[in-house]
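*Asks:* Right, I'll just put the structure down here and ask away after.
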Amino acid sequence: MANRLAVITGASTGIGKEIAKIAAREGYDLILAADEPAIDAAAGELNGFGVAVEAIEADLSTFEGNDRLLAAAAGRPIDVLVANAGLGLGHGFLAQDVADWRRVIDTNVTGTTYLLQKALRQMVARDSGNVLITGSIAGLIPGAWQAVYNATKAYLDSLSYALREELKDTQVNVTVLMPGPTETEFFRRAGMLDTPVGESDKADPAKVAQDGWDAMTGKKPHVVSGFVNKLQAALSHITPDTINAKMHTAMAKPNDEGESKGGM
């Protein structure tokens, strides 16, 4: 009998890579995708698990990149889709280049939405499948000094619940993983190493990945990974957004940044 198939995006490092390890231990064949050459090394690390592993380097902000990823399944049913690919972007919104914030939106929102629709149509057609979407507790908080990223995560958090409701009469499950700050490449890539949150201790990505996997296989609607993050998520629902935005400033504003400055 053939192994089940898991497709995992953003799997070159961090949470996605750790989820790939869990899936391999569970006996899933893997198609791993990221927009950087490091995806090949990540795939190579999983060759000892006795499952088939394929790495796809693709621009997941585009329809074409996501189509390349889906084509790699070569007609095999996707049993698990982990939509984990995402980009961050710190510092003041007015100073950010248009190309930078557009790539965040195209990757986190447009590309992910396209991939989800394509994969979910296949899953619903055979009435079977599991989807894990990496949202964030950031989606619950107006992200001053990280505005576009938090807005994209608010979209994904909301989309996950909406899709789950639409699919409630099927055997297809949608779960959203909502981590807080995690020890990954995220803060370096987002240009946030000079912020309080960038310099703080963060969650273990292996623990976050296991929390997400367990919630998905348990068919739970969501999981907030970590006690402090659970508390912060709960408080965000009862704290005015103006206060939440000020609290986010305390975490995400660069340490040497003055007032927000305009940019091109």
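The values are calculated or read from the model by the stated rules, or taken from the named source; none is laboratory data. Every value quoted in this text rests on a predicted model; they were computed, and no experiment measured them. Every residue, glycine as well, gets a Cβ built from its backbone with ideal geometry; the counts of neighbours run over all protein chains shown. The accessibility values were calculated without ligands, DNA or RNA, using every heavy atom of the protein model including side chains. Shrake-Rupley method; radii C 1.70, N 1.55, O 1.52, S 1.80 Å.
*Asks:* All but one of (1) touching a Leu at 6+ places or on another chain (Cβ under 7 Å); (2) aromatic (Phe, Trp, Tyr); (3) without any contact (Cβ under 8 Å) to a residue 12 or more places away in the chain hold for PHE227; state the number of the condition that does not hold.
*Replies:* Here PHE227 clears every test but (1).
*Asks:* Is it true that SER128 is within 16 Å of the chain's Cα centre (by Cα) and of a type in the set (Gly, Ala, Ser)?
*Replies:* When the stated conditions are applied, SER128 does not pass them.
*Asks:* Can I ask one more? Restricting the search to the stretch 19-37, which residues are open to solvent by 40 Å² or more (accessible area, probe 1.4 Å) and part of a helix (DSSP H, G or I)?
*Replies:* LYS21, ARG25
*Asks:* Which condition breaks for GLY50 when tested against (1) more than 24 Å from THR113 (Cβ to Cβ); (2) out of contact with any strand residue (DSSP E or B) (no Cβ under 9 Å at 6 or more places or on another chain); (3) at pLDDT 95 or above?
*Replies:* So the condition that GLY50 fails would be (3).
*Asks:* Further, regarding this structure: Going by the structure shown, is ALA55 of a type in the set (A, V, I, L, M, F, W, C), at positive phi, without any contact (Cβ under 8 Å) to a residue 40 or more places away in the chain and not in a helix (DSSP H, G or I)?
*Replies:* Answer is no for this residue.
*Asks:* A further question follows. What about TYR161, is it in contact with a helix residue (DSSP H, G or I) (Cβ under 6 Å, 6 or more places away or on another chain), over 19 Å from LEU231 (Cα atoms), of a type in the set (Phe, Trp, Tyr) and open to solvent by 40 Å² or more (accessible area, probe 1.4 Å)?
*Replies:* Here the answer is no, as TYR161 does not meet what is asked.
*Asks:* Which is at positive phi and surrounded by 20 or more Cβ atoms within 10 Å (Cβ to Cβ), of GLY191, GLY198, GLY212, GLY226?
*Replies:* Criteria check complete, one pass: GLY226.
*Asks:* Can you name every residue in the stretch 120-149 that is farther than 20 Å from ASP211 by Cβ, surrounded by 23 or more Cβ atoms within 10 Å (Cβ to Cβ) and either among the charged types (D, E, K, R) or out of contact with any Pro (no Cβ under 9 Å at 6 or more places or on another chain) (or both)?
*Replies:* Those that are farther than 20 Å from ASP211 by Cβ, surrounded by 23 or more Cβ atoms within 10 Å (Cβ to Cβ) and either among the charged types (D, E, K, R) or out of contact with any Pro (no Cβ under 9 Å at 6 or more places or on another chain) (or both): GLY143, GLN146, TYR149.
*Asks:* Here's a follow-up. Out of the residues in the stretch 205-217 that are without any contact (Cβ under 8 Å) to a residue 40 or more places away in the chain and more than 14 Å from the chain's Cα centre (by Cα), which is farthest from ASP79 (Cα to Cα)?
*Replies:* Result: LYS207.
*Asks:* Does the stretch 38-59 include one or more residues that are open to solvent by less than 60 Å² (accessible area, probe 1.4 Å) and touching a Phe, Trp or Tyr at 6+ places or on another chain (Cβ under 7 Å)?
*Replies:* Within the stretch 38-59, one or more residues are open to solvent by less than 60 Å² (accessible area, probe 1.4 Å) and touching a Phe, Trp or Tyr at 6+ places or on another chain (Cβ under 7 Å).
*Asks:* For the stretch 1-13, what are the residues that are outside any strand (DSSP E or B) and either β-branched (Val, Ile, Thr) or surrounded by 24 or more Cβ atoms within 10 Å (Cβ to Cβ) (or both)?
*Replies:* Passing the criteria: GLY10, ALA11, SER12, THR13.
*Asks:* For the stretch 93-137, which residues satisfy the criterion of being of a type in the set (A, V, I, L, M, F, W, C) and free of Cβ contacts under 8 Å to residues at least 24 places away in the same chain?
*Replies:* Matches in the stretch 93-137: ALA99, ALA125.
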